[in-house]
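Notes for the one structure printed next.
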Amino acid sequence: MDKIQEVLAQVGRVIIGKEEAASHLLAGILCGGHLLIEDVPGVGKTTLVKALARTLGCSFKRIQFTPDLMPADITGLSVYDQVRAEFLFKPGPIMSQIILADEINRTSPKTQASLLEAMAEGQITVDGTTHPLPRPFIVMATQNPIEYEGTYPLPEAQLDRFMMRVSLGYPGQREEAEILKLPRPGSLPADLTPVMTPGELLDLQGRVAEVHVAPSLENYIVSLTQRTRRHAHVLLGVSPRGGQYLYRAARGKAFVLGRDYVLPDDIKAMAVLVFGHRLVLKPEARLKGYQPEDVLKEILESTPVPVVPHGPA
């Protein structure tokens, strides 16, 4: 647990006033989920991902998504070697443990989809040959709101592969005054060093999978999931995969907070982050100004919360 707090402390030196967002992202990493960070340009999305990658001690590659980016620019390609008279695989940046897919919604759906196999299966296929990806393998994507010109909405199949979507928001007045004094925007301090090794991160991921979830809380997650499908404003509710992700995310949240058991507050804290990008509202609801977060707030307020003992039975 000391190392988790040290990671958050290191990241807090770089990203001012975003402790909660960093905690949520770390919880997602600890349960092996791929993460989407959505917000306007300039609020520190890229810097936050770079800081997390360095402190976690994992190999790291940044892919800048642009309209002309091709799938082979991500996965790599086979190149003919005239000396050896054979094709050799030249790996792309995807062959790293933490991938920063920067501004993922600025490239075409075809290129976005090239990440799908990697995110879902932990492998890529190039010219008919399958290549396993390193472990741990986490995609941390940033995107700008789709209202901005030159963006492409993520396909639903790929959007569903992200465990959670996190927004940073603008800093408060005190935090922004501190940001003014930071070094060059986007740079990391030279003394920002790894807190753990990839092996230690894999070990922590294994421990998160052992965090206790009481049967009543499992039923609570199922109730929340099913209520998203019956809400009057919802066209497409949360799939069983979304419920699985909330189950895992609640474990990650509890672990970051130093517990080996889940409480209802862990589930409620992660529900909007996990479910928000999976809800599709009816057109008439959108016209009235409803957002998925509004629907989820109603569901959370109306669903009975079970009483559980503080700790596993």
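The values are calculated or read from the model by the stated rules, or taken from the named source; none is laboratory data. Note that this is a predicted model, so its numbers are computed, not measured. Cβ placement follows ideal geometry from the backbone for every residue including glycine, while neighbour counts extend to all protein chains displayed.
Is there a residue in segment 226-237 that is crowded, with 22+ Cβ neighbours inside 10 Å and in contact with a Gly (Cβ under 6 Å, 6 or more places away or on another chain)?
Yes, segment 226-237 has at least one match.
How do the pairs read when you match residues in segment 159-179 that are in the same structural domain as Val238 (by TED's automatic domain parsing) with residues anywhere that are surrounded by fewer than 16 Cβ atoms within 10 Å (Cβ to Cβ) and modelled with pLDDT of 80 or more, using Cβ under 9 Å and keeping only pairs 6 or more apart or on different chains?
Once the first residue is in the same structural domain as Val238 (by TED's automatic domain parsing) and sits in segment 159-179, no partner that is surrounded by fewer than 16 Cβ atoms within 10 Å (Cβ to Cβ) and modelled with pLDDT of 80 or more comes close enough.
Among the residues of segment 285-305, is any touching a His at 6+ places or on another chain (Cβ under 8 Å), closer than 14 Å to Cys31 by Cβ and of a type outside the set (D, E, K, R)?
Among the residues of segment 285-305, not one is touching a His at 6+ places or on another chain (Cβ under 8 Å), closer than 14 Å to Cys31 by Cβ and of a type outside the set (D, E, K, R), which makes the answer no.
Search segment 1-22 for residues that are of a type in the set (Lys, Arg) and pair each with any residue that is not in a helix (DSSP H, G or I) when their beta-carbon atoms are under 8 Å apart and the residues are at least 6 apart or on different chains.
Lys3/Val195; Lys3/Met196; Arg13/Pro189; Arg13/Leu192; Lys18/Gly44; Lys18/Leu168; Lys18/Pro171
Out of the strands (runs of 3 or more DSSP E) lying entirely within segment 1-120, which hold 3 or more residues that are surrounded by fewer than 23 Cβ atoms within 10 Å (Cβ to Cβ)?
60-64, 76-81, 86-91
Hey, which of the helices (runs of 4 or more DSSP H) in segment 143-261, taking only ones fully inside, have at least 2 residues that are among the acidic types (Asp, Glu), modelled with pLDDT of 90 or more and within 22 Å of the chain's Cα centre (by Cα)?
Output list reads 198-208.
Of everything in segment 277-296, what is small (Gly, Ala, Ser) and either touching a residue at least 60 places away in the same chain (Cβ under 8 Å) or in a helix (DSSP H, G or I) (or both)? Give them in sequence order.
Listed by number, the list holds a single entry, Ala285.
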